[in-house]
Each structure stands twice: as structure tokens, then as C-alpha cells.
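The values are calculated or read from the model by the stated rules, or taken from the named source; none is laboratory data. The structure displayed is predicted, hence computed values, not measured ones. Every residue, glycine as well, gets a Cβ built from its backbone with ideal geometry; the counts of neighbours run over all protein chains shown. We work out accessible area using only protein heavy atoms, side chains counted, and drop any ligands, DNA or RNA first. Shrake-Rupley method; radii C 1.70, N 1.55, O 1.52, S 1.80 Å.
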Amino acid sequence: AGTIQSLYPQVSDKLQAVEGEANDAEIQAIRKNLNDLLDLAKTGTTEGLPPQSDKLKSSFVKVYLKRG
């Protein structure tokens, strides 16, 4: 949980750059999944972290496969 909280600002900044170029539903899904992961980390809901991490990873992969 602590690692997620410490890495979030860096990841968020990089995602903001992408959002400046394209902010469609797929990019918004990444943002939502990232923010949900942070919320779980902040509340200490560690059992929810692996499934939410999988959702975030899946949303990244979908965008990567579609856009390269």
C-alpha cells in the first residue's frame, strides 16, 4: 500500500500528459482504475489491491494493444 501511494504521483503525472493528447473512454478507464487503486491503498484495504491492480493492468494492455 505504501509503495502505491509513493508511486502514484509519478504515474498520475505521466497519465496527465496522455490525457492531454487523448482523453477518451479507454484513457478515463485507466484513470479510474488508478484512482481506485490509490483509494484502496489509502484505506488499507489490502485484500482489494490485487484485483484492482489486475483491472488497472488490463486497462493499460487494452490501450497498448489498440494503439501500440
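Accessible surface computed residue by residue for the stretch 10-68, with neighbouring protein chains in place and a 1.4 Å probe, gives 67 Å² per residue. Across the stretch 16-68, Cα pairs under 8 Å and at least six residues apart give a relative contact order of 38 percent.
Measure nothing but the geometry: give the 0 to 90° angle between the long axis through the Cα atoms of 2-21 and the longest principal axis through the Cα atoms of the chain, rounded to 10°. Value to nearest ten degrees: 20.
Taking the C-alpha atoms only, the angle from helix 49-67 to the longest principal axis of the chain is near 10 degrees.
What area, in nm² and to one decimal, does the C-alpha convex hull of the chain cast on average over all directions?
Values: hull surface 17.2 nm².
Its Cα hull, projected and averaged over all orientations, spans 4.3 nm².
Share of carbon and sulfur in the accessible area of the chain stands at 57%, probe radius 1.4 Å. Taken along the Cα-to-beta-carbon direction at a fixed 7 Å, the label points for Ala25 and Thr46 span 3.7 nm.
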